[in-house]
Amino acid sequence: MDWLTHWLANGEGSWQLLALSFATVFLAELGDKSQLAAIALSGNSKSPTAVFVGTSVALVTASAIGVVVGGGAALVLPTVWVKGAAAIGFAVLGIRLLWPKPSDEAEN
Amino acid sequence: MPQPILDPPKPIGESTQVSTNLVSGQAAQISSNSTDNNQGAEDSSTFLSVFGTTFLAIFAAEFGDKTQLAVLLMSAESQRPWLVFSGAAIALVATSLVGVLLGRLLAKRVSEKLLEKLVGGIFLVVAISLLWDILHAA
């Protein structure tokens, strides 16, 4: 990210900075796991609006904590445990959906 | 609604049966009425529970992730942290919107059974990707 730090250090205008941070985060998130999770959660939900609001607020809160707490974020919440819990949660959701149901077996 | 009064006289056991049916029928009627009345309340509780689960799942998955680190790095470098944060926040809302719209599109195009398998598969991919992150961070 050398080009980025150079660009930022040279103090371009506010709009460029806004656009740059938008583009960086947008491209980083495109097709990333949180967007995949948003696709799956909304495809499976009766309330896609709630999924949209929940996803947005969660992502914005996580980055706000990044800005405010800085490098200390990992001290506030141990990243490995939080991610591990999330991994288990998503795995359980996935297995529950993929597990053959009694009704499926009756049809086959 | 059945009218047990017009029915021919029955042994005691059977008439008890009828009255039980009548009572349970009324109960069903009442409960369906109350569902209609509480439609708004149920919608908002669904919204809140879906919102809460989604928030927890996404927050936990994203905490300490590369996006959070990138925003942190950029805001520290720029000396204008809230401007960087604003750009990042708009981007995050935009990618969420794209994700949710794709999910809706998928739900409309694909049969319910296939959708379940696809969604289940995506959840597993997310879980594996999180485990991958953990192993690479350690």
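Quick look at the numbers
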item: Under 17 Å from the Cα of A:K33 - lysines, other chains or at least 8 residues apart; result: A:K83, B:K66
item: FRET efficiency for B:L135 and A:K46, using Cβ-Cβ distance with R0 set to 35 Å, rounded to 0.05; result: 0.50
item: Per-residue mean of C-beta atoms belonging to partner chains within 10 Å, peptide A:93-101; result: 5
item: Three-way shape label, the stretch B:66-137, alpha-carbon gyration tensor, a/c 1.5; result: oblate
item: Segments B:107-116, B:79-88 sorted - mean Cβ within 10 Å per residue, highest first; result: B:79-88, B:107-116
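Where a number appears in this text, it was derived from the coordinates with a stated rule and is not lab data. These numbers were taken from a predicted model, which means no experiment stands behind them. Note: ideal-geometry Cβ built from the backbone for every residue, glycine included; neighbour counts use all protein chains shown.
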